[in-house]
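Okay, so here's the structure we're looking at.
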Amino acid sequence: MENTSQFFASEEREHIVSLLSTLLADYHIHYQNLKAYHWGVRGAGFFTLHGLFERYYTSTASRIDDVAERILSLGAMPPHTYEDYMDKTRLMVRGANECSWEMIKNLKTEIESILALSRTIICAATQAHDDVTVDMMVGYNAEDEKKLWMISAYIDAEHQHKC
């Protein structure tokens, strides 16, 4: 990607980079949580959830690369150490020892949090006339809103099946 930092005021660019860096950190923790869920899911819903978690972490890995490359194209270095991610993330690190019901509820909460940050990024990028970042976030939001709808439908259908 070409460095596009010359198209934005320094303060706007720094703000967008900061928000994208937080999103990148959230995606890394989300990815690791999804891997833990994929490896640790047991019991009712195993076949459904095992595959779902794999699809979601594969998609998240692609987003990690996209967001890092967008930060680079804005003339900054993306955070790249686990210390960076832990300093910037808003998500909790989850373990594979949770029951499938807790995994799904936590997954929903994580996606809601990521979606809220994405909407904040859209606002900042819109103000800066950063159409590329806006477009990337709008695409992610469409996918995440569909995930939330599907997860909510699963939770509603399985609400009586607790750990």
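Below, the figures for the structure above:
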read-out: Residue list for the range 75-106, given a label point 7 angstrom along the Cα-to-Cβ vector of VAL132 and an amide N cut-off under 20 Å; value: 75-80
read-out: Cα radius of gyration and Dmax for the chain (Å); value: 16.8, 55
read-out: FRET efficiency estimate (nearest 0.05) - Cβ-Cβ, SER73 to ASN106, R0 30 angstrom; value: 0.40
read-out: The range 83-163, Rg to Rh (Cα coordinates; Rh as Kirkwood inverse mean 1/r); value: 1.07
read-out: Exposure proxy order (Cβ contacts within 10 Å, fewest to most) of LEU148, LEU74, LEU49; value: LEU148, LEU49, LEU74
read-out: Karplus (6.51, -1.76, 1.60) ³J(HN,Hα), θ = phi - 60°, over the range 48-57, in Hz, Gly and Pro reported as x; value: 5, 6, 4, x, 4, 4, 5, 4, 5, 6
read-out: Length released on extending from TYR82 to ALA142, taking residue separation times 0.36 nm less the Cα-Cα span; value: 18.8 nm
read-out: Cα→Cβ-extended label distance, 7 Å offset, between SER18 and ILE155, nm; value: 3.1
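Taken together, the values in this text are just the output of simple stated rules run on the coordinates, not laboratory data. Being a predicted model, the structure only gives us computed values, none of them experimental. Note that we place each Cβ from the backbone using ideal geometry, even for glycine, and neighbour counts take in every protein chain shown.
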